[in-house]
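**Student:** Structure provided below as structure tokens; questions to follow.
The values are calculated or read from the model by the stated rules, or taken from the named source; none is laboratory data. Computed from a predicted structure; not experimentally measured. Cβ atoms come from the backbone with ideal geometry, glycine included; neighbour counts cover every protein chain shown. Each accessible area value is taken on the protein alone, full model and side chains, heavy atoms only, with ligands, DNA and RNA left out. Shrake-Rupley method; radii C 1.70, N 1.55, O 1.52, S 1.80 Å.
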Amino acid sequence: MHQTNSKLRFRTKSVLTGWSFVLLAVILIFVFYFYPMLQALILSFQTGTGSNLTFTGFDNYSRLLSDKTFIVSVKNTFIYLLVQVPLMIILALFISVLLNDSKLRFKGFFRTAIFLPCVTSLVAYSVVFKYLFSGNGLVNTMLLKLHLVSAPIEWITDPFWAKITIIIAITWRWTGYNMIFYLSALQNIDHSIYEAAKIDGASSTRQFFGITVPLLKPIILFTSITSTIGTLQLFDEVMNITKGGPGNATQTISQYIYNLSFKYAADFGYAATVSYSIVIMIALLSVIQFKVAGDKNG
Amino acid sequence: MAKSKRFFMYLFLSIAAIVSIFPFLWMVVSSTNQSVDVTRGRLLPGTHLLENLRKLLDTTDLQVSLMNSAKISITTTLLALLIASLAGYGFEVFRSRSKDIVFNILLLSMMIPFAALMIPLYRMFGQISNVFPWMGIDTMTSVILPTVTTAFLIFFFRQSTKMFPKELLEAGRMDGLSELGIFLRIYLPTMKTTYAAGAIITFMSSWNNYLWPLIVLQTPQTKTMPLLISTLGSGYAPDYGMIMIAIVIGTIPTALVFFVMQKQFVAGMIGSVK
């Protein structure tokens with residue numbers, strides 16, 4: 001009896017110590033993530049400028065559906081998402097498989113070089129890209145000199161090319177980042193699996209699709225979800241390369257929220273509604289990605 | 001066949017490496033050239049580095065922004081490591097069903113887009129400003145507080161704690177150390193690589209943070225480096241050489257942190273992936 005008592009006391013004590021270790025983090029996450037998230041939900045049913053807000057039910061949500069700027073922003077964001085995320089993931093996967101080759105020389109150099117873009121701030125590299133891709137910028141100068149184009153491409157001022165510029169920029173910045181995840185996962189794969197496949201006469205393409213991709217599935221899922229979340233929130237690049245223009249051709253949802261709250265007459269309620277559209281999109285896309293990848297393996 | 005495959009492998013990797021490095025080279029080279037030469041696409045180093053730097057110092061509050069960025073990033077990194085490692089350790093060492101549930105709820109916060117948080121957070125700090133101006137809008141605290149705790153870093157520390165030898169924990173308890181004593185005296189020194197990797201990740205994201213500081217920092221005296229660079233780039237007659245030196249200076253801290261701790265970074269990433 002005495003023993004159970006002291007055991008119990010030890011357990012309560014350890015439960016309390018455990019909570020004291022995690023408490024600060026839990027409080028901060030609730031205060032700075034979940035509470036604002038709830039606030040945004042309440043805001044999304046209110047309207048007015050500044051702090052003069054009144055409840056208007058679903059008015060903001062019905063306004064969304066007929067808001068042309070919103071629809072264009074969603075369209076742009078999805079173009080980035082559908083083109084850039086797969087492109088980057090395939091590229092990162094391909095590079096990491098090459099870098100994982102045991103006979104490859106200068107491995108460290110290639111890895112560091114390709115990872116290097118990750119050390120720049122989104123703002124800094126965006127400004128550099130803005131100048132590289134400007135009308136009389138270096139990219140056009142080089143393309144003209146190499147006779148690849150006959151007239152300079154309007155990278156920043158043409159609606160189509162401006163989107164391409166943004167896609168090139170994001171791919172440059174994030175491919176190396178994703179590559180590191182694949183590279184570390186590849187190093188955990190037992191090499192004898194490949195040896196056995198080689199003996200069975202499997203080509204390197206078959207090895208890639210038969211061994212590498214299935215074994216990397218959880219990590220591919222992880223990177224595609226984080227990239228999707230990142231792209232849905234795209235802001236820094238567009239703000240600093242094209243400012244959302246020409247017209248609204250490159251504007252993203254995040255930028256529209258920023259404009260609604262801090263550039264135009266501060267419409268916090270409607271901006272919160274637009275922000276909830278991102279929440280819903282992230283939730284839906286993550287569920288889809290989990291289902292496609294098969295959550296049993298994920 | 002095998003030989004040509006090898007050739008294409010090297011060719012592809014070389015192109016990828018050149019494309020990755022080129023904007024850096026261009027930015028460094030351009031910081032030594034006059035604005036005119038930058039627009040002309042000059043690719044050779046020039047002699048205008050000091051002049052560009054002087055212009056930057058004369059026309060902007062470079063030192064102020066550098067100091068602001070340094071203060072914010074270092075404070076954020078130290079606090080973030082402390083909070084997240086305590087939590088990661090706590091969740092893994094003192095496991096219980098209720099704690100696992102709380103942990104999973106915390107992980108959900110990773111899915112919350114910052115876009116959904118920025119307006120309520122801005123209003124929150126606006127209200128704080130009315131009561132405690134020193135921690136409201138336009139202060140370091142308002143930048144640090146919302147970014148200092150991330151579920152990712154907690155997750156990262158919890159994953160790494162799985163590899164922490166539990167015998168050390170028992171040994172510490174036998175020796176009569178308190179739980180906090182074990183954490184500080186045994187866990188912290190043992191997990192140096194994890195702390196290093198966590199420091200790199202946090203420092204980089206804090207140094208490079210843009211959207212939240214853009215919203216909350218409103219006077220030139222509180223500007224951080226990304227805000228400074230962003231305003232330089234938006235002028236009508238930009239001085240390219242001067243902007244490039246600003247970008248170079250803004251990139252040096254994160255590049256240094258990365259190169260000095262590269263090994264730990266990769267090791268830490270691998271730890272988090274396992």
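**Student:** Only one of (1) part of a helix (DSSP H, G or I); (2) under 22 Å from the mean Cα position of the chain (by Cα) fails for B:Y187. Which number is that?
**Tutor:** Failing condition for B:Y187: (2).
**Student:** Can you tell me which residues in segment B:64-89 are farther than 16 Å from B:L217 by Cβ, away from chain A (no Cβ under 13 Å) and open to solvent by 50 Å² or more (accessible area, probe 1.4 Å)?
**Tutor:** B:I74, B:L78
**Student:** Does at least one position in segment B:58-72 carry a residue that is basic (K, R) and under 25 Å from the mean Cα position of the chain (by Cα)? Working first, answer last.
**Tutor:** Of segment B:58-72, the ones basic (K, R) are B:71.
In the following step, the residues that additionally are under 25 Å from the mean Cα position of the chain (by Cα) were identified as B:71.
Yes.
**Student:** What's the number of the only condition in (1) over 24 Å from the mean Cα position of the chain (by Cα); (2) at pLDDT 90 or above; (3) within 8 Å of chain A (Cβ to nearest Cβ) that B:V38 fails to meet?
**Tutor:** With respect to (1) over 24 Å from the mean Cα position of the chain (by Cα); (2) at pLDDT 90 or above; (3) within 8 Å of chain A (Cβ to nearest Cβ), B:V38 is out only on (2).
**Student:** Among the residues of segment A:277-298, count how many are at pLDDT 85 or above, aliphatic (A, V, I, L, M) and under 14 Å from A:I225 (Cβ atoms).
**Tutor:** Here the count works out to 7.
**Student:** Follow-up question, since we're still on this one. Tell me which residues, restricted to segment A:150-183, are outside any helix (DSSP H, G or I) and either in contact with a Cys (Cβ under 6 Å, 6 or more places away or on another chain) or in contact (Cβ under 8 Å) with a residue 12 or more places away in the chain (or both).
**Tutor:** Passing the criteria: A:P152, A:I153, A:E154, A:W155, A:I156, A:T157, A:D158.
**Student:** Look at B:Y187 and say whether it is open to solvent by less than 40 Å² (accessible area, probe 1.4 Å) and in contact (Cβ under 8 Å) with a residue 24 or more places away in the chain.
**Tutor:** Judged against the criteria, B:Y187 is a match.
**Student:** While we're here: Looking only at residues that are open to solvent by 20 Å² or more (accessible area, probe 1.4 Å) and not in a helix (DSSP H, G or I) in segment B:190-232, which one is modelled with the lowest pLDDT?
**Tutor:** Among residues in segment B:190-232 that are open to solvent by 20 Å² or more (accessible area, probe 1.4 Å) and not in a helix (DSSP H, G or I), the one modelled with the lowest pLDDT is B:Q218.
**Student:** Can we say A:P246 is in contact (Cβ under 8 Å) with a residue 12 or more places away in the chain, closer than 28 Å to A:G137 by Cα, of a type outside the set (S, T, N, Q) and open to solvent by 10 Å² or more (accessible area, probe 1.4 Å)?
**Tutor:** Working: in contact (Cβ under 8 Å) with a residue 12 or more places away in the chain: yes; closer than 28 Å to A:G137 by Cα: yes; of a type outside the set (S, T, N, Q): yes; open to solvent by 10 Å² or more (accessible area, probe 1.4 Å): yes.
Here the answer is yes, as A:P246 does meet what is asked.
**Student:** Report, by residue number, each residue of segment A:100-132 that is of a type in the set (S, T, N, Q), open to solvent by 10 Å² or more (accessible area, probe 1.4 Å) and part of a helix (DSSP H, G or I).
**Tutor:** A:T112
**Student:** So is A:F94 closer than 30 Å to B:F103 by Cα and without any contact (Cβ under 8 Å) to a residue 40 or more places away in the chain or not?
**Tutor:** Numbers: closer than 30 Å to B:F103 by Cα: no; without any contact (Cβ under 8 Å) to a residue 40 or more places away in the chain: yes.
Considered against the rule, which asks whether it is closer than 30 Å to B:F103 by Cα and without any contact (Cβ under 8 Å) to a residue 40 or more places away in the chain, A:F94 comes out as no.
**Student:** Right, next: Looking at the structure I just gave you, is A:V97 open to solvent by less than 10 Å² (accessible area, probe 1.4 Å) and within 29 Å of A:L232 (Cβ to Cβ)?
**Tutor:** Details: open to solvent by less than 10 Å² (accessible area, probe 1.4 Å): no; within 29 Å of A:L232 (Cβ to Cβ): yes.
For A:V97, the condition - open to solvent by less than 10 Å² (accessible area, probe 1.4 Å) and within 29 Å of A:L232 (Cβ to Cβ) - is not met.
**Student:** Follow-up question, since we're still on this one. Six or more apart or on different chains, Cβ atoms under 7 Å: show the pairs whose first residue is in segment B:1-20 and open to solvent by 40 Å² or more (accessible area, probe 1.4 Å) and whose second is not aromatic (F, W, Y).
**Tutor:** Pairs found: B:F12/A:L98.
**Student:** Which residues, counting only those in segment A:153-197, are open to solvent by 20 Å² or more (accessible area, probe 1.4 Å) and within 13 Å of chain B (Cβ to nearest Cβ)?
**Tutor:** A:I156, A:I168, A:W172, A:W174, A:Y177, A:Q187, A:N188, A:I189
**Student:** What are the residues in segment B:21-31 that are open to solvent by less than 20 Å² (accessible area, probe 1.4 Å) and either touching a Ser or Thr at 6+ places or on another chain (Cβ under 7 Å) or not polar (S, T, N, Q) (or both), if any?
**Tutor:** B:P23, B:W26, B:M27
**Student:** Starting from segment B:148-164, take each residue that is part of a helix (DSSP H, G or I) and list its partners that are among the acidic types (D, E) and surrounded by fewer than 23 Cβ atoms within 10 Å (Cβ to Cβ), counting only C-beta distances under 7 angstrom and pairs at least six apart or across chains.
**Tutor:** Between residues of segment B:148-164 that are part of a helix (DSSP H, G or I) and residues that are among the acidic types (D, E) and surrounded by fewer than 23 Cβ atoms within 10 Å (Cβ to Cβ), the close pairs are B:R158/B:E92; B:T161/B:E92.
**Student:** Taking the conditions exactly as written (assigned to a helix (DSSP H, G or I) and either open to solvent by 90 Å² or more (accessible area, probe 1.4 Å) or in contact with a strand residue (DSSP E or B) (Cβ under 7 Å, 6 or more places away or on another chain) (or both)), does A:L16 satisfy them or not?
**Tutor:** Numbers: assigned to a helix (DSSP H, G or I): yes; either open to solvent by 90 Å² or more (accessible area, probe 1.4 Å) or in contact with a strand residue (DSSP E or B) (Cβ under 7 Å, 6 or more places away or on another chain) (or both): yes.
In short, yes.
**Student:** Of everything in segment B:233-254, what is at pLDDT below 90, open to solvent by 10 Å² or more (accessible area, probe 1.4 Å) and either closer than 23 Å to A:S96 by Cα or facing chain A (nearest Cβ under 10 Å) (or both)? Give them in sequence order.
**Tutor:** B:S234, B:P238 - these are the residues of segment B:233-254 that are at pLDDT below 90, open to solvent by 10 Å² or more (accessible area, probe 1.4 Å) and either closer than 23 Å to A:S96 by Cα or facing chain A (nearest Cβ under 10 Å) (or both).
Each row is one residue, and each column tells you yes or no for (1) more than 18 Å from the chain's Cα centre (by Cα); (2) farther than 19 Å from A:Y61 by Cα.
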site: A:I199; (1), (2): yes, yes
site: A:S204; (1), (2): yes, yes
site: A:K243; (1), (2): yes, yes
site: A:N248; (1), (2): yes, yes
site: A:I253; (1), (2): no, no
site: A:K263; (1), (2): yes, yes
site: A:A271; (1), (2): yes, no
site: A:I280; (1), (2): no, no
site: A:L285; (1), (2): no, yes
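**Student:** Restricting to segment A:50-61, name every residue that is in a loop (DSSP other than H, G, I, E, B), open to solvent by 30 Å² or more (accessible area, probe 1.4 Å), touching a Phe, Trp or Tyr at 6+ places or on another chain (Cβ under 9 Å) and more than 9 Å from A:G269 (Cβ to Cβ).
**Tutor:** A:S51, A:G57, A:F58
**Student:** Being among the aromatic types (F, W, Y) and at pLDDT 95 or above narrows it down to one residue among B:F114, B:F152, B:F132, B:F103; which is it?
**Tutor:** Going through B:F114, B:F152, B:F132, B:F103 in turn, the sole match is B:F103.
**Student:** Checking B:I215 against (1) over 27 Å from B:A116 (Cα atoms); (2) within 11 Å of chain A (Cβ to nearest Cβ); (3) β-branched (V, I, T), which single condition isn't satisfied?
**Tutor:** B:I215 satisfies every listed condition except (1).
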